[in-house]
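Trainee: Quick one: this structure, given as structure tokens, is what I'll be asking you about.
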Amino acid sequence: MERTFIAVKPDGVQRGIVGEIVRRFETKGFTLVGLKLLQVSRELAEQHYDVHKERPFFPSLVEFITSGPVVAMVWEGEGVIASARKLIGATNPLSAEPGTIRGDFGVSIGRNLIHGSDAPETAQREIGLWFKDEELVSWQPTITPWLYE
Ligand code: IDP
């Protein structure tokens with residue numbers, strides 16, 4: 001089973017949509033295997049967004065992600081990495097389709113509410129960066145036969 005890293009950014013926490021976001025992943029059929037609320041350190045923020053370190057928006061991105069609590073999660077399921085990206089929607093919320101999280105709740109690229117890993121390698125790297133092994137719980141929901149043939 002595939003796993004992905006999802007984070008509700010400080011704007012999503014402040015906006016009070018953590019529950020709504022968790023609901024969307026749960027009702028889609030994915031399994032929550034890790035969850036915590038944390039104040040992100042500058043070091044973690046810089047490591048997480050390392051690929052963007054030369055971009056002009058990098059300082060404001062690090063400033064923003066460390067500005068308030070973040071909800072970090074790991075979700076599991078078949079095809080969860082690509083599917084989560086669809087549930088989240090395009091990077092710019094104004095371009096994101098209605099029905100997606102960013103499309104339904106956001107208006108600005110610098111306040112796009114949620115992060116989701118974009119590929120298997122990044123998912124593995126980000127899960128390792130944000131969670132210790134013992135913080136992840138392997139379990140199988142009893143409804144699994146009703147989700148998968
Ligand atoms: P993603 O979050 O949809 O994967 P990325 O291109 O990986 O998008 O960018 C990471 C994050 O950097 C975005 O979610 C957004 O918060 C921020 N970002 C990306 N491009 C811009 C920009 O042009 N201005 C401000 N922030 C940006």
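The values are calculated or read from the model by the stated rules, or taken from the named source; none is laboratory data. For clarity, every value in this text was computed on a predicted model and none was experimentally measured. For neighbour counting, all protein chains shown are included, and Cβ atoms are generated from backbone atoms with ideal geometry for every residue, glycine included. The area values use the complete protein model at the heavy-atom level, side chains included, leaving out ligands, DNA and RNA. Shrake-Rupley method; radii C 1.70, N 1.55, O 1.52, S 1.80 Å.
Trainee: Residue check: is PHE5 surrounded by 20 or more Cβ atoms within 10 Å (Cβ to Cβ) and more than 12 Å from the ligand (Cβ to nearest atom)?
Mentor: In short, no.
Trainee: Now, a different point. Test of understanding: among LEU129, LEU37, which residue is away from the ligand (no atom under 14 Å from the Cβ), in a strand (DSSP E or B), at pLDDT 95 or above and more than 17 Å from GLU2 (Cβ to Cβ)?
Mentor: Just one listed residue meets the conditions, LEU37.
Trainee: Let me ask something else about it. Quick check on ALA96: is it part of a strand (DSSP E or B) and within 11 Å of the ligand (Cβ to nearest atom)?
Mentor: no
Trainee: Select, from VAL33, VAL74, the only residue that is open to solvent by less than 20 Å² (accessible area, probe 1.4 Å), closer than 24 Å to TRP146 by Cα and out of contact with any Gly (no Cβ under 6 Å at 6 or more places or on another chain).
Mentor: VAL33
Trainee: Give me the residue from region 49-77 that is within 14 Å of the chain's Cα centre (by Cα) and within 30 Å of PRO141 (Cα to Cα) and, out of that set, farthest from the ligand (Cβ to nearest atom).
Mentor: GLU76
Trainee: Still on this structure, please answer the following. Among the numbered criteria (1) outside any loop (DSSP other than H, G, I, E, B); (2) within 13 Å of the ligand (Cβ to nearest atom), which one does ALA90 miss?
Mentor: Going through (1) outside any loop (DSSP other than H, G, I, E, B); (2) within 13 Å of the ligand (Cβ to nearest atom) one by one, ALA90 breaks only (1).
Trainee: Moving to a separate point now. Is region 76-84 home to any residue that is assigned to a strand (DSSP E or B) and in contact (Cβ under 8 Å) with a residue 60 or more places away in the chain?
Mentor: Scanning region 76-84 turns up at least one residue that is assigned to a strand (DSSP E or B) and in contact (Cβ under 8 Å) with a residue 60 or more places away in the chain.
Trainee: Which of the residues spanning region 90-149 are open to solvent by 20 Å² or more (accessible area, probe 1.4 Å), touching a Ser or Thr at 6+ places or on another chain (Cβ under 7 Å) and among the hydrophobic types (A, V, I, L, M, F, W, C)?
Mentor: The one that is open to solvent by 20 Å² or more (accessible area, probe 1.4 Å), touching a Ser or Thr at 6+ places or on another chain (Cβ under 7 Å) and among the hydrophobic types (A, V, I, L, M, F, W, C): ILE109.
Trainee: Let me confirm something: among VAL51, VAL22, VAL13, which residue is open to solvent by 20 Å² or more (accessible area, probe 1.4 Å), of a type outside the set (Gly, Ala, Ser), assigned to a helix (DSSP H, G or I) and touching a Pro at 6+ places or on another chain (Cβ under 6 Å)?
Mentor: From the options VAL51, VAL22, VAL13, the qualifying one is VAL13.
Trainee: So is GLY103 assigned to a helix (DSSP H, G or I), in contact with a Leu (Cβ under 7 Å, 6 or more places away or on another chain) and either within 15 Å of the ligand (Cβ to nearest atom) or more than 18 Å from GLU126 (Cβ to Cβ) (or both) or not?
Mentor: In short, no.
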